[in-house]
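The values are calculated or read from the model by the stated rules, or taken from the named source; none is laboratory data. Quick caveat: nothing in here was measured; it's all calculated off a predicted structure. All Cβ positions, even for glycine, are placed from backbone atoms using ideal geometry, and neighbour counts span all protein chains on display. Calculation scope for accessible area: heavy atoms of the full protein, side chains included, ligands and nucleic acids excluded. Shrake-Rupley method; radii C 1.70, N 1.55, O 1.52, S 1.80 Å.
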Amino acid sequence: MPDTSSRPNSQEQFERACRSIPGGVNSPARAFGAVGGTPPFIQRGDGPFLFDIDGNQFIDFVGSWGPHILGHRHPAVIEAIKNALETGTSFGAPTVAESDLAELVVELVPSVEKVRMVSSGTEATMSAIRLARGFTGRSVVVKFAGCYHGHVDSLLVQAGSGALTLGTPSSPGVPAGCTADTLVLSYNDVAMLRQAFEEQGDLLAAVILEPVCGNMGCVIPTDEFLRTLRQLCTDHGTVLIFDEVMTGFRVDLGCAQTRLGVTPDLTTLGKIIGGGMPVGAYGGRAEIMDAVSPVGGVYQAGTLSGNPLAMASGLATLTQLRQTNPYDQLEHLASQLQQGLLKAAGDAGVPVQVNRVGSMLTLFFNEHPVTDLQTATASDTERFSRWFHAMLDRGVYLPCSQFEALFVSAAHTPELIDQTIAAASAVMPLLSDPA
Ligand SMILES: *Cc1c(COP(=O)(O)O)cnc(C)c1O
């Protein structure tokens, strides 16, 4: 069992939370289910650091699962939220800040001519799927095994038995009817993609994917995979949706589509676009976006959509990113971490793969390259659990699952990366034996 004796208050609060909140958490990944033990309860964040209620300090590589690319409590973001707060919290009527943020998104993201704000990534992908179906008048949606698009019914699906079969629900409570029009393919598998389009291309409303995957751990698309996908969607009138909820403003100021040079028809955004407040968005070609109500017939709405505090936070975050352009700095810091982790593991004789795109990175305990869900799940998750807890005990806060990406922020420094590598160098030799 992991040692949680250094976190007695968190232990007590977790037991308390479990009595009134299912599993003690409001989102399942936080409960440490994959690695065992109990999570630290966070008292506050500051720049690259988290502080728990037991007085421990951590170097944070989770950043609230993505939003905090500027670190916690960035002064420009805090000030913008404070100013907005002075004027009220919600009006349910148009405000200028909504156009300010929309124009900035249109300026930065190549595929986006018009954009609709919602309050979470899940809402963004759910709405984009509905829009693609409404726009094309078709039903079938393609997704890739290992990509996560929020808890949308039709996308909570696993591959059926055998390739190219329609998916089956991956959660109780999702009726088979909800996933009957979802086709699950393997990430990076060009032959399977071609076959799907050959057989049913003219029935396909949309293909949705993470253009760099983060939700099976970081998995990098091949150039051939993305270009073939773009061409097939164009040829068949299928809407290509890049789910950039994680990669948007993370791997490039212009999102993954700029970095990779492939332009989708629709883009979903979340996480960084809210700068730590609840925001999601979906946008794309004006012709498609104008199919959304009130212009078009595809219904989608939200009482708190475009919320003034959330708009202020997102606008300050994106403005800061545009002004400071920290992406070269992030590339250097994350590359330093990647090299250091590879060396620490190599010196200890522990086989690992470190996949990285920009400041998104996953260390897989795996002898072979990780390119899709099948190769990702061949990783040694037991070794990952020991790694995770040993790093936490040394003050390094990593995502609590092998199948997540860590994030480096602009608040991290080369010295903090060195400290993290030093901790990894101390931990890796402890992992060289089987448990
Ligand atoms: C986080 C995430 C979502 C879901 O966003 P929520 O705000 O948690 O609903 C969707 N897609 C991707 C790629 C994500 O990383």
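A few remarks follow.
- Taking the DSSP beta bridges with both ends in region 230-364, the antiparallel portion is around 65 percent.
- Neighbourhood net charge (13 Å Cβ-Cβ; Lys/Arg +1, Asp/Glu -1) for S186: 0
- Working from Cα pairs under 8 Å separated by at least six residues, relative contact order for the chain is 21 percent.
- Percent accessible area from carbon and sulfur atoms, region 75-324, protein chains only, probe 1.4 Å: 54 percent
- Here is the size of the chain from its Cα atoms: Rg then Dmax, 21.4, 62 Å.
- Whole-number accessible area per residue in Å² for region 75-324, which is evaluated in the context of all protein chains at 1.4 Å: 38 Å²
- Loop-resident chymotrypsin sites (Phe, Trp or Tyr not before Pro) (DSSP state other than H, G, I, E or B) in region 38-125 with no more than 15 further Cβ atoms inside 10 Å of their Cβ: F91.
- The distance separating the Cα centre of region 382-435 from that of region 217-257 comes to 29 Å.
- Ligands, DNA and RNA excluded, the heavy atoms of R230 present near 50 Å² of accessible surface to a 1.4 Å solvent probe.
- Shape summary: region 272-427 maps onto an equivalent ellipsoid whose semi-axes, from the alpha-carbon gyration tensor, are 37, 20, 14 Å in decreasing order.
- Taking every alpha-carbon pair under 8 Å whose residues sit at least 6 apart, region 75-324 reaches a relative contact order of 29 percent.
- For region 314-330, 3J(HN,Hα) computed residue by residue from phi via the Karplus equation (6.51, -1.76, 1.60; θ = phi - 60°) reads x, 5, 5, 5, 5, 4, 4, 5, 5, 5, 9, 5, x, 6, 5, 4, 4 Hz, glycine and proline entered as x.
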